[in-house]
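K.L.:
The structure under discussion is supplied below as C-alpha cells; questions concerning it will follow.
The values are calculated or read from the model by the stated rules, or taken from the named source; none is laboratory data. Here the structure is a predicted model, which is why all the values come from computation and not from measurement. Here the Cβ positions follow ideal geometry from the backbone for every residue, glycine too, while neighbour counts run over all protein chains shown. The protein model used for the area step is the full one, side chains on, heavy atoms only, and it has no ligands, DNA or RNA in it. Shrake-Rupley method; radii C 1.70, N 1.55, O 1.52, S 1.80 Å.
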Amino acid sequence: MYRILITDDLSPEGLAILKAAPDVQYDVVKRPPRQELLGRVHDYDAVIVRSSTPLDAGVFTAAPHLRVVGRAGVGLDGIDVPAATHHGTLIMNTPEANTLAAVEATLALMFALCRRVPQAYASLRAGAWERSKFLGVQLSGKVLGVIGLGRIGSRVATRCQALGMEVVAYDPYISEEVAERLRVELVAELDELLARSDVITVHMPLTEETRGMLSEAQFARMKNGVRLVNCARGAIVDEKALYRALVSGKVAGAALDVFSEEPPHSETLRALLALDTVVATPHIGASTIEAQQDASVQIVQGVLAALRGEGYPHAVNLPFANGADYQALLPYLRLAEKVGSLQMQLVRGRVGRVEVDVRGEEIATQVKAITVALLKGLLEPILKETVNYVNAPALAAERGIAVAQVHGEESEDYPNLISCRVVSTQETRLVAGSLFSRARPRIVQIDEYPMDVQPVGNVLIIASRDVPGVMGRIGTILGNHDLNIAEWRLGRTAPGEMELSFINMDSPVPDDVIREIAASGTVMDVRQVAL
Ligand code: NAD
C-alpha cells in the first residue's frame, strides 16, 4: 500500500483516481501547521501539495519513507529541491496543466488592452456613455512580437495568426525547425523584434538572464505606440521603465497579469496600476476550472506512476532527461542496475572510480540515464532503499566515487552493450551486460570471461581451474545439502586455464556450504550474490 498525504485542495477528479486505486491509502489534511506536518509526514510515501504548503529540509528529514512530492501546479518556490534530492525524494509538478489557461488569459488581456474593455466597462458602470472615447485598435494586420516561444508563447503565436496577425518571435533556445513548423519568423536579435512589433508579449521564465530584460534601452528601441502584454513573470519587465514609457506615450498601453511584487504594494506598482493605459489582473493566468482539474489529475497520475516505478512525468530533480520514451528505456535501466549491483557485490576494497561504456543505437543518447541506473545498482547492496534515481549520483559523489563515461569500440557481437569497469583500492573488475530482444537482460562478460547468463535471484560465482571434475564436486556438495541448481553456465579463458561458473540457485546458499565449496580443491574463489 502506498500512503499519500494531501495537504491542499485537490479537485474531486484527482481524488477519484486515488479512491479507485487498489494500492493507495490517502489522507487529506489541509494546510497543516509546520509542527503538525513534521509529526505526520513520517508515515507517508508521497505528499501532494499546492503552493500553500512549504516543504523545507526539516520536513524531508522527518519523512524517512517519502519518495515523491507532487506539486499540483508549476512553481516550486516553497519546496527545498536540493534537500529533497539529497533525501532521494522525487519532485514533480504539472507545467502543462495551465498552458491553455495562460494562453487564453494572454489573449483576453490583449483584446482588453486594444479595445480598452475594462476602462469602457468602468465608464459605463459609472453612468457615462462615451463611445468616441474608447476608440480601439485592431489586432488583424498588426505585427505581434512573441518573446519566448515555449508552450505558452507558441500557442499564443498560432492563435494570433488566426486573428490575421503577422508573428515574429525571439527565443535563442529553440530551433529554426520549431519556428518553421509554427510558421513563425524567428529573429536572431531581440532588437529586431522590438523594432518591428505593434504588440509585444513575453512568455519566458524568470531567470537571471530574463530579469529586467525589457528595460529603458529596450523600450527606446520599440515602435512608438507599441502595446505590451506580460502574462509570464512581473520582474521580466523593469516596471519603473515601463511606467516612464507609458507616461511618455512611447508605450500606448500595457496589460499585466503578473508583478515583481505580488500583491503589488510598492509605490512604482501602485503608480503603474493607476495609469489609464494599464489593464491588469491579479495573477489569474492559470485560474480556470479546467486548469485546476488538469493539475489535480495530472499530479495524481504522475505521483502514482512514480510510486509504482512506471514513469516519472515532469520530474524536476531526476538527474537525467525524462522523456516519453521511458518505457522503452526501462529494460536498459534495469539491466544497468543489475550490472552495477553485480559489480558492487563482486569487488573487493573501496570503490574509487566507475567507468561506464554504453554502446548501441537505441541507447547511445541515454548514457546519462544508464549511468544513473548503474550507480543506483552499485550503491543498492550497501544503501538498500535509501538510494534511487534521484540521489544516486549525489550519494556516489559523497562516497568519493568518481564516475566517467567512456566510449570504446562498437560491439559486433551485441546490438547493445552496457559495460562497467570498477576500480577499487584492491582491484579492477569489469562486468558487461546486454539486452536481448529488447526484453531479456544478460550478463555477457565478467572480467576476462565471456558469459551468457541471467542476472536473477541467488547466484554462486565460482572461479576455478579448468580441470575435469570441478562441476561434479561442486554439484555433489550442493546436492548433499539439498540445494537445487536452476542453471549453470561456464565461461573460460582458454582450455586448461581458468573458468568461471555462474550458478543460478533456487535458494540462498548457507555460509558453511560456501566454505565447503571453497575448500574443495581447484576452486580459487566463491562468491554469492543476490540479483
Ligand atoms: P516554457 O518553458 O514552455 O517556455 C519558455 C520559453 O522561454 C522557452 O522556449 C525558452 O527557450 C524561452 N526563453 C528562455 N530564456 C529566454 C530568453 N532569455 N529570451 C527569450 N526566450 C527565452 O514555459 P511556458 O509554460 O510557456 O511559460 C512561460 C511563462 O509563463 C513562465 O514564466 C511561466 O511562469 C509563466 N506562466 C504564467 C502564468 C500566469 O498565471 N500568469 C501561468 C502559467 C505560466
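K.L.:
I'd like the full set of residues that are over 22 Å from R308 (Cα atoms) and touching a Lys or Arg at 6+ places or on another chain (Cβ under 6 Å), limited to segment 49-106.
P.N.:
The answer is S52, T99, V103.
K.L.:
With respect to A72, is the statement that it is in contact with a strand residue (DSSP E or B) (Cβ under 7 Å, 6 or more places away or on another chain) and within 15 Å of the ligand (Cβ to nearest atom) true?
P.N.:
yes
K.L.:
Of (1) within 16 Å of the ligand (Cβ to nearest atom); (2) open to solvent by less than 60 Å² (accessible area, probe 1.4 Å); (3) in contact (Cβ under 8 Å) with a residue 40 or more places away in the chain; (4) among the aliphatic types (A, V, I, L, M), V237 satisfies all except one. Which?
P.N.:
Condition (3) is where V237 drops out.
K.L.:
Under 7 Å between Cβ atoms, at least 6 apart or on separate chains: pull out the pairs that start in segment 163-188 with a residue that is assigned by TED's automatic domain parsing to the domain that holds L107 and end on any residue that is of a type in the set (K, R).
P.N.:
Short answer, once both residue conditions are applied: M165/K142; V168/R196.
K.L.:
Taking into account only those residues within segment 133-156 that are within 11 Å of the ligand (Cβ to nearest atom) and open to solvent by 40 Å² or more (accessible area, probe 1.4 Å), which is farthest from the chain's Cα centre (by Cα)?
P.N.:
R155
K.L.:
Can you tell me which residue among A112, A46 is at pLDDT 95 or above, within 30 Å of T201 (Cβ to Cβ) and either among the small types (G, A, S) or more than 21 Å from the chain's Cα centre (by Cα) (or both)?
P.N.:
None of the others qualify; the one that does is A112.
K.L.:
While we're looking at this one, here's another question. Do we have D56 as within 16 Å of the ligand (Cβ to nearest atom), open to solvent by 30 Å² or more (accessible area, probe 1.4 Å), acidic (D, E) and without any contact (Cβ under 8 Å) to a residue 40 or more places away in the chain here?
P.N.:
No; evaluated as a whole, the condition is false for this residue.
This table checks each residue for (1) surrounded by 13 or more Cβ atoms within 10 Å (Cβ to Cβ); (2) of a type in the set (K, R).
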residue: I4; (1), (2): yes, no
residue: A21; (1), (2): yes, no
residue: Y26; (1), (2): yes, no
residue: E36; (1), (2): no, no
residue: R40; (1), (2): yes, yes
residue: A46; (1), (2): yes, no
residue: S51; (1), (2): yes, no
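K.L.:
Hey, T207 hits all of (1) of a type in the set (V, I, T); (2) at pLDDT 95 or above; (3) near the ligand (Cβ under 8 Å from one of its atoms) but one; which does it fall short on?
P.N.:
Condition (2) is where T207 drops out.
K.L.:
How many residues are among the aliphatic types (A, V, I, L, M) and surrounded by fewer than 18 Cβ atoms within 10 Å (Cβ to Cβ) if we restrict to segment 204-233?
P.N.:
Counting residues in segment 204-233 that are among the aliphatic types (A, V, I, L, M) and surrounded by fewer than 18 Cβ atoms within 10 Å (Cβ to Cβ) gives 3.
K.L.:
Can you report the number of residues in segment 289-299 which are among the β-branched types (V, I, T) and surrounded by fewer than 17 Cβ atoms within 10 Å (Cβ to Cβ)?
P.N.:
1
K.L.:
When residues of segment 264-291 are filtered for being within 16 Å of the ligand (Cβ to nearest atom), more than 19 Å from L10 (Cα to Cα) and polar (S, T, N, Q), how many remain?
P.N.:
1
K.L.:
Got at least one residue in segment 273-280 being out of contact with any helix residue (DSSP H, G or I) (no Cβ under 6 Å at 6 or more places or on another chain), open to solvent by 80 Å² or more (accessible area, probe 1.4 Å) and not hydrophobic (A, V, I, L, M, F, W, C)?
P.N.:
Yes - at least one qualifying residue is present in segment 273-280.
K.L.:
Can you pull out the residues in segment 108-130 that are open to solvent by 30 Å² or more (accessible area, probe 1.4 Å) and within 15 Å of the ligand (Cβ to nearest atom)?
P.N.:
Hit for segment 108-130 is A108, nothing else.
K.L.:
I would also like to ask the following. Within segment 505-526, track down each residue that is in contact with a helix residue (DSSP H, G or I) (Cβ under 8 Å, 6 or more places away or on another chain), at pLDDT below 95 and open to solvent by 40 Å² or more (accessible area, probe 1.4 Å).
P.N.:
T522
K.L.:
Another one. Quick check: is even one residue across segment 474-490 at pLDDT below 95, surrounded by fewer than 11 Cβ atoms within 10 Å (Cβ to Cβ) and either assigned to a loop (DSSP other than H, G, I, E, B) or not hydroxyl-bearing (S, T, Y) (or both)?
P.N.:
no
K.L.:
Could you check how many residues of segment 83-98 are within 11 Å of the ligand (Cβ to nearest atom) and either open to solvent by 50 Å² or more (accessible area, probe 1.4 Å) or modelled with pLDDT of 95 or more (or both)?
P.N.:
Count: 1.
K.L.:
Which of the residues spanning segment 175-184 are surrounded by fewer than 17 Cβ atoms within 10 Å (Cβ to Cβ) and either at positive phi or not basic (K, R) (or both)?
P.N.:
Correct list: S175, E176, E177, V178, E180, R183.
K.L.:
Given the structure, is A63 open to solvent by less than 20 Å² (accessible area, probe 1.4 Å), within 16 Å of the ligand (Cβ to nearest atom) and outside the structural domain of V390 (by TED's automatic domain parsing)?
P.N.:
Taking the combined requirement at face value, the residue does not satisfy it.
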